[in-house]
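Can you read through this structure? Questions will come right after.
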Amino acid sequence: NAGVTQTPKFQVLKTGQSMTLQCAQDMNHEYMSWYRQDPGMGLRLIHYSVGAGITDQGEVPNGYNVSRSTTEDFPLRLLSAAPSQTSVYFCASREIFSGANVLTFGAGSRLTVL
Amino acid sequence: GNSVTQMEGPVTLSEEAFLTINCTYTATGYPSLFWYVQYPGEGLQLLLKATKADDKGSNKGFEATYRKETTSFHLEKGSVQVSDSAVYFCALHNTNAGKSTFGDGTTLTVKP
């Protein structure tokens, strides 16, 4: 089925470890983004991209890196994990030029940093 | 900047009760407004949307009307079911900013 695929679904890290959350979409969407979901804080935008080779920061970018080498993939990298990065992470994508502005979300990746 | 304020939860209702979840927003220009729903263990999915003032979005018995004069987009359903138990997010998309802004989410539990 077409959509947004995130891996892994669950991950436990120790403080200081690094890892990459993978996100892939097969809808040819120009826009891709990463959100984190924390209790009582809703969804907060980490980074986003409007096309291959173009990325920008959202409201909570510190501690995270992204790159967009292809239209399909938008990985999120944690270089040195901290307990404050314990969260559920969602990747989302949408078309830009259709004007619909509806986001399609992945199923989420639950990260625990000890 | 843009912001979305949702009615705090959690909300617990009996089956067939009437549901209202309040949502107000602050934005420049003319944003599009959305309700997304998140079922347990899943990502968010679009429930309904409205793109201009006085538009009514509807889906699966849920409705919301874009009220520019009160900057609101309240979600309503006349008769909830147990299967409606989920987290509901109000969101806006501001074309100028190119980003979507979400409320904190409201957890709804419907008991049989």
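None of the figures in this text is laboratory data; all of them are computed from the coordinates on show. Everything numeric here is computed off the predicted structure, so don't read it as measured data. Methodologically, a virtual Cβ is constructed for each residue, glycine included, from the backbone with ideal geometry; neighbour enumeration extends over all protein chains shown.
Please work out the Cα center distance from region A:1-68 to region A:69-92, rounded to the nearest Å.
The two parts, judged by their Cα centres, are 4 Å apart.
Follow-up. How high is the relative contact order of region B:10-59, in percent, with contacts defined as C-alpha pairs under 8 Å that are six or more residues apart?
Once divided by the residue count of region B:10-59, the mean separation gives 24 percent.
Grab the eigenvalues of the alpha-carbon gyration tensor for the protein assembly as shown, scale each by 5, take roots, and send me the semi-axes largest first in whole angstrom.
Numbers: eigenvalues 172, 88, 48 Å².
In descending order the semi-axes read 29, 21, 15 Å.
Extent of region B:1-42 along each principal axis, from alpha carbon coordinates, in Å, largest to smallest?
Principal axes ranked by extent give 39, 24, 16 Å for the Cα atoms.
One-quarter of the Cα convex hull surface for region B:6-112, in nm²?
Numbers: hull surface 25.4 nm².
Over every viewing direction, the Cα hull of region B:6-112 projects on average to 6.3 nm².
Moving on to the next point. Can you list the HN-Hα couplings for region B:99-107, worked out from phi with the Karplus curve (6.51, -1.76, 1.60; θ = phi - 60°), rounded to whole Hz and with x for Gly and Pro?
Whole-Hz 3J(HN,Hα) from phi for region B:99-107: 10, 9, 10, 10, x, 6, x, 10, 8.
For the pairs A:Lys9/B:Lys52; B:Lys49/B:Lys77; B:Lys60/B:Lys111; B:Lys52/B:Lys77, note any where the Cα-Cα span goes beyond 26 Å.
Going by Cα-Cα distance, A:Lys9/B:Lys52 fall outside the 26 Å limit.
Identify the chymotrypsin sites (Phe, Trp or Tyr not before Pro) of region B:10-82 meeting these criteria: DSSP loop state and at most 13 other C-beta atoms within 10 Å of the C-beta. Walk me through the intermediate numbers first.
Details: sites: B:Phe18, B:Tyr25, B:Phe34, B:Trp35, B:Tyr36, B:Phe62, B:Tyr66, B:Phe73; in loops: B:Phe18, B:Tyr66, B:Phe73.
Listed in order of number, the matching sites are B:Phe18.
Right, another one. Apply the Karplus curve 6.51 cos²θ - 1.76 cosθ + 1.60, θ = phi - 60°, to the phi angles in region A:89-94 and return the couplings in whole Hz, x for Gly and Pro.
Computed from phi, the couplings for region A:89-94 are 10, 10, 9, 9, 9, 7 Hz.
What is region A:25-114's relative contact order, in percent, from Cα pairs under 8 angstrom and six or more apart in sequence?
In percent, rounded to a whole number, it is 29.
For chain A, would you read off the P(r) tail past 18 Å as a percentage of all alpha carbon pairs? Mind showing how you got there, number by number?
On the way: 2922 of 6441 pairs.
Summing the P(r) tail past 18 Å for chain A gives 45 percent.
Compute for region A:67-114: radius of gyration divided by Kirkwood radius, i.e. Rg/Rh, restricted to C-alpha atoms, rounded to two decimals.
Reported Rg/Rh (Cα atoms, Kirkwood Rh): 1.06.
Sticking with this one: Tally Lys and Arg at +1 and Asp and Glu at -1 over the other residues with C-beta under 15 Å from the C-beta of B:Tyr25: what net charge comes out?
Local charge sum for B:Tyr25: +2.
I would also like to ask the following. Between the DSSP loop rule and a limit of at most 16 other Cβ atoms within 10 Å, which chymotrypsin sites (Phe, Trp or Tyr not before Pro) in region A:15-89 are left?
Passing both the DSSP loop test and the Cβ count: no residue.
Along region A:65-76, what does the Karplus equation 6.51 cos²θ - 1.76 cosθ + 1.60 (θ = phi - 60°) give for ³J(HN,Hα), rounded to whole Hz, x for Gly and Pro?
10, 9, 8, 9, 8, 10, 5, 7, 10, 8, x, 10
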